[in-house]
Every structure is written in C-alpha cells, then in structure tokens.
1. In whole Hz, with x marking every Gly and Pro, tabulate ³J(HN,Hα) for segment 260-276 from phi via Karplus 6.51 cos²θ - 1.76 cosθ + 1.60, θ = phi - 60°.
2. Could you rank the peptides 179-186, 116-123 by their average count of other C-beta atoms within 10 Å per residue, with the highest value first?
3. Whenever you get a sec, line up ARG560, ARG470, ARG352 from highest to lowest accessible area (probe 1.4 Å, protein heavy atoms).
4. Can you sort VAL327, VAL292 by 1.4 Å-probe accessible area, starting with the largest?
5. Please give the solvent-accessible surface of GLU657 in Å², to the nearest 10, using a probe radius of 1.4 Å with every protein chain present.
6. Between LYS79 and ASP160, what is the FRET efficiency for a Förster distance of 25 Å, r being their Cβ-Cβ separation, to the nearest 0.05?
7. Mind checking the per residue accessible area of the chain for me, 1.4 Å probe, whole number of Å²?
8. With a cap of 12 neighbouring Cβ atoms within 10 Å, and only residues DSSP puts in a loop, list the trypsin sites (Lys or Arg not before Pro) found in segment 219-261.
Amino acid sequence: MKHRFFLCWLVVVCLWPLTVQSKVTMPQLFQSGMVLQRGKPIPVWGKADAGEQVTITFRKKQYTTTADANGNWRIDLPKQKAGGPYVVKVKGESLEVRDNEIELTDVLIGDVWLLSGQSNIDVTIERVYPQYVDEIDRFDNNQIRLFRVQNETDTHGPKDDIRPSNINWKPLTKQNAWLFSAVGTFLGIRQFQETGVPQGIIVNSWGGTPIEAWISADSLQRDYPLLVEKTRLYDNPDFIRAQARANQLADQRWNELLDAQDPGVQQHFAALDCNDADWQTVNQESWQWRGVGTTWLRQHVTIDKAHAGKPARLLLGTLFDADITYVNGKQVGRTYYQYPPRRYDIPEGLLREGDNVITIRYINKYGIAHFIPQKPYLIAFGDDRFSQNPMPQDVISLGRQWLHHAGASMPSCPSGDVSLQNLPTTLYNAVLHPLAPYALSGVVWYQGESNTGNPAPYADFLKKLMGCWRDRWQDAQMPFVIVQLANHDGRQQTGFPSPIMPQTTPVNSGWAAVRDAQRSVAYNDPYAELACIIDLGETVDIHPLRKKEVAQRIGLCFDRLVYSKSVQLSPRVISKEVNGQEVVLTLDQPVRDGEVFEMELAGSDRRFQNATATAKGEKITISSAIQTPCFVRYAWKDDPRRANVYGLNGLPMAPFEM
C-alpha cells in the first residue's frame, strides 16, 4: 500500500511542472516584423497558466491582464497612428518559469489586409514575372510586409492557431515575393503608394476550393444541414490516413505499370538519336489525344552557332494535362497538372549546333491531351530570356508540326481521394477562425471558379461567409471587396477543339451566374464593393496574368470603402424602364457612347435573344423582336469577348441579369 502511494506521489511530482510551469505563448500571426492595424484598438492574445498575470510593454507603456481558467488571455492595445518600428514585449508573471517573456521587434503600425479565396489569389509573382519584369526586379520596400497562412484543414471544429508559416511578415523583396500572391503583393505596393503608411498583407487561400469550405458550421447548419453532416462523415483521422495511404499506393502502382508498358520508356523515345522517321506528323493547333496513359511528341529544332551551348529557356505554353519534357534526351522539366505555364530552363552545354530534339511525354489520367493555344512556344536565349520578351535575335520559335507516337494505354487510376479542403467548414475551422480578432483594414474575397457547376446557392453562401467572418471579428462593418470572376472559356479545360470559337448565341452560363451573385451581394451590402475584372481574363487560361491591374481595381474599391474617397468605380445600372419593345437602362455615370454588344432580352418565358443596343451618356437603349421584354442581361457568357460597356474612367460594367 505504501509502495503504491509512493508511486502515485512520484507521478504527480513529475507531471506537476508540465501542467503548471508553461511559458506564455502567442499565435503564429504575432512575430517580429509584423504589421499592426492603425486607427483601431489592437487585440493581442495568447496562452498562459490559468490565473497568471500577463503584461505587455509597448511604446513605454504597460498593459496588464490575467489569464482565465483555460489559460486564455487578451489585451486590446489602444488605437495607434501609423509608424514604427517598435518593440512589443509580452511577459508572464509565473514564478516557476524563467525567461517567461516574448520580445517582438521591428513591429510597424499601418494597414493590414486579408486576401482569401482560391487559386487566382494563389498565383505567384514568379508566374506573372514576364508581365512586369522591370517592376518586379526592383522590388525592395521594408514598409510592406508579407504573411502567408499555411494550408491546413480541420473536420472537427475551429482551431486556436494556424501552422508555422514559411513567409512570416517578410519585407517586400523580389526573393521574398517570388512565391507569394501576385494580387497581394501588388495590392500592398498600390496601397503604400496611395497612403505612405506601412502595409501588412495576409494571404489565406487554397486553389480549387469551394466557398462552402470557408463558412462556419453554425452559419450553414440551419439552411444546409446536410453539408455540415457531410463534413462530419470525415471526422475520423484513422479513415483519412487509410484513404490517403490507399490513394498513394494506387497511384504508385499505376505509374509502375505505366512505365513498364510504355514503349517510349523502353525504347528511349526521348533520346536524341531515336529513329522517328516513321512517326506520324500532327499539327499543334488541332492535335488531340483521347485516352488514358501516355503519348509522345517530338520536334527537331536547328540551333545556329551563335546560340549553341548557351543556356536557354524553353516555353511550351500550357499543356493538358501532365508532361515530362526532354531536350536532347535530358529531362528539363516536369509539370503534374494542366494549369502552370511550362517554362523549362535548358542548362548550358545541352543545346548543340545543328539538329536538336524536344520530346514531350504526355501523361493523361482524364480528359483530352492537347496544347493550349494563344500561348508562347519558343526557345529564348540571352540574359532577358526570363522576361518572355527577349530580343528577337535571341528567340527561336517552335514549329506547329510535331512528330507523334503512341505510348501506353491504361485503365483509369483508381482513386477514392478525400480532398478535405473541399469539404464544408474545413478551412474556416483550420485557417480562418484562428486569425481573429487580428485587427484588419479590410478583406479581399477572390473565389468562385469552383462553384460555377452549381451557381444557384452562391449568393446565399457569399452572404453567409461575410456574415460569419464579421461575427468572428465582432465587426459588423468589416469592409469586403468581392472580385468578380474574369472572362474565361471553361470548354478549353476539357479538351474542346481549339482554337475555341466565341459563343454568339445566348447560353446558360454557370460562370455568368456566379458573377451575377457576386454583383448582387456586393451591391446590396453597404460595406462591400465589387471589383469588376471581366476584361482582365484569358479565354484559354483560368489563371490570367494581369494581377497588377486586378490589385489596382481592388485598391480603388478600398479607396471608397475604407478611406471614404470620392472615386468612380465600374458603371452600375440604377433603373430599368420598358417602352414597348425597348428597354432603357439608366446608369450611375456616363459611359462611352456607341454600339453595345453582348446585350440580351427575354419575355416572361425567359427565352433570351440577342439584342441591339446603343449607349449615350448615362443611358443604354436596348431593342429586339420581343414584343414585351421583361428581362435583360449583359455579358452572360463564360467568356463574353465583345462586352464593351466602359465608364469614362476606363472601368468595365459588371455582367448582370435583371
């Protein structure tokens, strides 16, 4: 009995330091180099021992609180003017813990912006570099700080903190921004130029994710209970690990069989001396391969003496779906999915004078393998080869003719993939909830591509998202800028014959429906604005590259929302009047006079027809053969290429239906 008592006492003594002698801690957002929001109370919070006194020293003043029964503490620093750098010291008064203090240095006070959504927020400076070479090469501003939230999911419920970040309040340099959001970077630059105060850019996005993943369970429960239950089905770590392992093994086995059966691997199709005399000739513009497995393409390129042996960059546009690319038998690049541009570096000494061979091994698991048109296909030399605009004498354009040989045909790769980031609430739980109540100037929401297949509930989802985020920050007036989806023809993504011909007749468009939901929600919320970018997209690329222009339009919206500046944004319709067969729209501003395209009218049957329209001043007059028009819509296509209503400020009118 005494022996048992002694053991229990020993366990308690050993565990006691672990339970009561913990250091004061703070969330990942609080680090040296951070930017804190000016002009608002600044919440600072963290963990300590229950009942422990915590003191913050900031700008020669001290602020004290006591951790609650769960060890949570929070101090709201008073409003501050822009400035810095400052030091923030946080000290716990535990007698048992030495050095129980956190010191954060190089802290700035300025404006903080949260950018969230899917892959068009993710698109990096590296991706858009050819668009803005000179500007990106000069990036160097210590007053602009970058923070990237690391991707994580949680099916169980809201988390207290995010994972450690690779980009944590880094100052703006070319190196630090290279793999950071292009929209976020250019927004920080634009806002600094406008205000002259420090800028903090927090990017929290995940490519391909639907809006439901970013909404709290409480917000979805009443109207969409099955969505919440769907996520709960996956609240089982053992199942997730088993499924992930099964998918890994299935993919590994599929690739092993693919390589074993691929004649191109066995017969070295990539080799410079491969005999391709009997290969089929195909045209890049029209070639497609409908199959699962591999197929091979080769092109011979003549290199002159002046460029032989020089390092180069191979641009292969964008390919569907995955590829491994070789030059003279040496692998120079590999891309695992369809979206990234193929920009492969050719090392010094690989290219020789005379005949050289580029070989592409397509690996296709779904869809139709093909080249994406309207992209550059060339070899660039010289110091400016990375700009995609090198000197003409340093460019060798690739031909449109390729030699083709069949590879291996395979069954579909078995997959029961569980993409937790696409389940409702999982991203709100893991990467949104923990950020609050970090003080912000405003939020950018750039998402919607993944909801175009079912656009009907999008407006409701967007209102719920804005509502639950505002609730989380306890700020009913939190400013939101909604970036409306850009023009893009989604038919390209599944191997639609290229080049794609524009749609000329009225169609039902999921892209247009999401755009209209974004427009209606933004225009009906007094603390939101719409950034219309219908003219900044690309027909064949879901990730258009003109991200600086996107950021500039977002900044204009914040000028009005946050700084109360009198700025003119995109034209919007303020009234509609029906006069016989004509419909007259009155806008909130004058637009460019002349013929207007992409207008459609419909009667009560909602059968839309193309209509003729003319703009003059603040009026657009629309007419068609419909006797009693009831509905009008504008630019109602995935890719409304002829949409041409612009304000005198050069901003386009947003697509709509009314």
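1. 5, 9, 7, x, x, 6, 5, 9, 6, 4, 7, 5, 4, 8, 4, 7, 10
2. On the way: 179-186: 25.6, 116-123: 23.1.
My ranking of the peptides, most packed first, is 179-186, 116-123.
3. Values: ARG560 80, ARG470 25, ARG352 115 Å².
From most accessible down to least: ARG352, ARG560, ARG470.
4. Sorted descending by solvent-accessible area, the residues read VAL292, VAL327.
5. Ignoring ligands and nucleic acids, GLU657 comes out at about 40 Å².
6. With a Förster radius of 25 Å, E is 0.45.
7. 44 Å²
8. Within segment 219-261, the qualifying trypsin sites (Lys or Arg not before Pro) (loop, at most 12 other Cβ atoms within 10 Å) are ARG222.
The values are calculated or read from the model by the stated rules, or taken from the named source; none is laboratory data. Not measured: the values here are computed from a predicted model. Ideal geometry is used to build each Cβ from the backbone, glycine not excepted, and the neighbour counts take in all protein chains shown. Protein only, heavy atoms only, side chains kept; ligands, DNA and RNA dropped before computing areas. Shrake-Rupley method; radii C 1.70, N 1.55, O 1.52, S 1.80 Å.
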